[in-house]
Amino acid sequence: MSSTTVQSLPVSTSAAEEPAITVRNITKMFKRHRSHEGILALRDVSLDIGKNKFISLVGPSGCGKTTLLRMLNGLIRPDEGEILVHGQPPVPGTHMGFVFQSFRLLPWRTIHENVAYPLQLHGMGKDEIHERVMRYLEMVGLRKFAESYPSELSGGMKQRVALARALVSEPDILLMDEPFAALDAQTREFMQFELMKIWHQRKAVVVFVTHSVDEAVLLSDEIVLLRPRPGQVSEVLKVDLPHPRWDYDARARPEFVELRRHLWERIKEMVAADPQSEFFNRDGKSDHAAAQD
């Protein structure tokens, strides 16, 4: 057993500096089609997200991670409570980038044209658009593919285009919904390193949804662990691994191993105790506890 201590932060922290994002007591229910019943996705969630922090949302499937992410963007409104981004209710715009699990590239447009699209929507001049697009394609290592089409690129390259498109508006908040889930293991690891380098160059708030505990620990400053539906904040965990994390084997450090173990055990216990789960353990014990009997 490692002697490393897992540091759990308060769910809502009060700091001298105003947080970039404030979530206060939000609840969200989705109505079922042709039914008076609803699905309670989130209940009484409160959270502060500091400026220039990389935050990951993790938890069992269906715990409301993506719903919370879309609420931060203003795509979905809470039924109760409030969300403030820099002190104002969230609205979609160039100040927020969004990277989806699927690439969502326009197949009839070149890579340059795909990345340029959000700038064109906001009326930026042609020369400025070209300079900005080429700069961000350079950042993700795709400058020489500017005139290619999405069908000519690999999955990892397409996701880098999606990342460049989200960054080209130079948002101060970047929301990412399992962006690497569809990639093979090797490409996913390279993309994690690319994201860390980009974030190091151009600090912003990143809120990152993932089902991978390893990915969350590697990338994050803090990890928000959500309980099964209805989603509630169980813990906010600080990741005490030095930056930059691509310069050494972070996964070999005892802090990484202990935090990963802690998160995985907590998620297994939640799933085993959740009657809605296919893996519900009817004797009320986690798989680990049952194995000891």
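Charge dipole of the chain (Cα centre as origin; +1 on each Lys and Arg Cβ, -1 on each Asp and Glu Cβ, all else neutral): 620 debye, rounded to the nearest 20.
Taking the alpha-carbon centroid of each part, what is the distance from the range 196-211 to the range 110-175 in angstrom? Measuring centre to centre over Cα atoms gives 17 Å. The average projected area of the range 16-80, computed from the convex hull of its Cα atoms over all directions, is 5.3 nm².
Here the range 63-170 was treated as a single set of alpha-carbon atoms; its pair distances binned every 10 Å from 0 give 14, 41, 28, 15, 2 percent. Over the chain, what is the percentage of antiparallel beta bridges among all DSSP beta bridges, to the nearest 5? Among the beta bridges of the chain, antiparallel pairing accounts for roughly 55 percent. Each residue in H86, H112, H122 was given a count of other beta-carbon atoms within 10 angstrom of its own, and listing them fewest first yields H122, H86, H112. Put simply, when 44-53, 247-256 are sorted by average Cβ atoms within 10 angstrom per residue, most first, you get 44-53, 247-256. Note on the range 149-244: Rg/Rh from Cα positions, Kirkwood definition for Rh, rounded to two decimals, is 0.98. Pairs of Cα atoms nearer than 8 Å and 6+ residues apart set the relative contact order; for the chain it is 25 percent. Of the residues V115, G87, P150, the one whose Cα sits farthest toward the positive end of the charge dipole of the range 39-163, with +1 on the Cβ of Lys and Arg and -1 on the Cβ of Asp and Glu, is P150. Out of [x] 22.5, 73; [y] 20.0, 69; [z] 18.7, 54, which label holds the value of Rg and Dmax of the Cα atoms in Å that was computed here? From the options [x] 22.5, 73; [y] 20.0, 69; [z] 18.7, 54, the structure gives [y]. Note on R32 and F190: the extension gain reaches 52.9 nm, defined as 0.36 nm multiplied by sequence separation minus the Cα-Cα distance.
Under a 5 Å amide H cut-off, with hydrogens placed 1.01 Å from N, G97 pairs with I173, L174, L175 among residues at least 5 apart or on other chains.
Residues in the range 147-162 carry Karplus couplings, in order, of 9, 7, 10, x, 5, 8, 10, 6, x, x, 5, 4, 5, 5, 5, 4 Hz; the curve used is 6.51 cos²θ - 1.76 cosθ + 1.60 with θ = phi - 60°, and Gly or Pro positions show x.
Every number in this text was worked out from the coordinates using simple rules, so none of it is lab data. What you are looking at is a predicted structure, and each value in this text was computed from that prediction instead of being measured. Don't worry about glycine lacking a Cβ; one is built from the backbone with ideal geometry, like all the others, and counts go over all protein chains shown.
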